[in-house]
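To start, the structure under review is shown below, and the notes come after it.
Just so it is clear, none of the values below were taken in a lab; they were calculated from the coordinates. Quantities reported herein were computed from a predicted structural model and do not represent experimental measurements. Glycine gets a Cβ as well: all are built from the backbone with ideal geometry, and neighbour counts include every protein chain shown.
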Amino acid sequence: MNKNLIEEVRNALNRWLKAFNDNDIEALMAIYDPEIVYANSAKPIEIGIPAVKAGFINSFAIKPKVFFKEEQAIAVDGLGYLAGQFRVAGTHPEDGSNVGEVGRVVVIFRKNDAGEWKLVFDMDNRPPDVTI
Amino acid sequence: MNKDLTQEIRIALNQWLEAFNSNNIESVIALYDPEIVFANQSNPIAIGIPAVKEGLIKSFAVKPKLSFKEEQIIATDGLGYATGQYKMTGIHPQDGSSIKGTGRVVAIFRKDSTGKWKLVFDMDNCPPDVTL
């Protein structure tokens, strides 16, 4: 296993997490591969950056913050992924109550022609063993 | 995208489907990477071949058959994945009634030191847009 490549993929995810937690939609979208597939467990599949962007603009209404705990990391030159548990916490925009959810996620990054890792696949589910 | 490599991933997945649909536990298990992570939506995470094998043996009680419709496939030399919709049918072992489940899945394969693609990560969820 190539530890340097895994670290590159971790760095890419950390950039994604920072952009998401800043609720910065443009910084977030800059991390996506044009062929992104977002396979969320609760809504129809989203394919391509415009579809994913529209979904995130909606989700940023609760000013979400996400936390991640890694369970597996594998990377080769050009493709790598991280899987783990996540927790999202936010604030309901109307009544100010706390909202959130937990689950498991896999994110796959692909290196583009410029040598930058971009998020190309994102899937989550809600299994019973998440403890984050 | 390397079409030869994506075809290799399709072949690896088809081999897995054929072994699964034959309910042949040893043939299925032979297709797993030792570091397999099975992130099922309804069960705790299963890590490693013994844990995955135990779950498969239980699931074979319903004599399951799986069909798959590809939605995205990407591969590089050493790592690749296919994602899409699945439908599983089976027969309840006690009353003989039909069982059906549908969802979305991602199967990530890693090439081992002998050049064989092995399943190293498997996650599914149950979104509202699956039509299989």
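General remarks:
- Residue among B:D95, B:D33, B:D112 with the largest mean-square fluctuation in a Gaussian network model of chain B, springs linking Cα atoms under 10 Å: B:D95
- Residue mean of other protein chain beta carbons inside 10 Å, B:35-44: 5
- Compared with the dominant principal axis of the Cα atoms in chain A, helix A:3-21 is inclined by about 20°.
- Cα-projected label distance for B:I29 with A:S59, points at 7 Å along beta-carbon direction, nm: 3.8 nm
- Spacing of the modelled spin labels on A:E71 and A:E35, each 7 Å from Cα toward Cβ, amounts to 2.7 nm.
- With helices as the sole contributors, chain A gives -8000 deg cm²/dmol at 222 nm; each DSSP H run of n ≥ 4 counts as -39500 (n - 2.57), and the sum is divided by every residue.
- Nearest-ten-degree value, helix A:49-59 long axis tilted from longest Cα axis of chain A: 30 degrees
- Backbone N under 15 Å from the B:K65 label point (7 Å along Cα→Cβ), restricted to the range B:1-35: B:17-24
- Calculated FRET efficiency for the pair A:I49/A:V102, C-beta based, R₀ 30 Å, to 0.05: 0.70
- When chain A is treated as a Gaussian network with alpha carbon springs shorter than 10 Å, the biggest mean-square fluctuation among A:S97, A:S59, A:S41 belongs to A:S97.
- Look at where the Cα atoms of the range B:55-132 and of the range A:1-70 average out, and the two centres are 24 Å apart.
- Dividing the summed helix terms, -39500 (n - 2.57) for each DSSP H run of n ≥ 4, by the number of residues in chain B produces a 222 nm estimate of -8000 deg cm²/dmol to the nearest 500.
- In the structure shown, the pairs A:K118/B:K118; A:K118/B:K58; A:K43/A:K63; B:K58/B:K100 are assessed against 27 Å; a Cα-Cα span above that value is assigned to A:K118/B:K58.
- Nearest 10 degrees, 0 to 90: helix B:49-59 Cα axis against chain B principal axis: 40 degrees
- Calculated FRET efficiency, B:R10 to B:S113, Cβ-Cβ distance, R0 = 25 Å: about 0.70 to the nearest 0.05.
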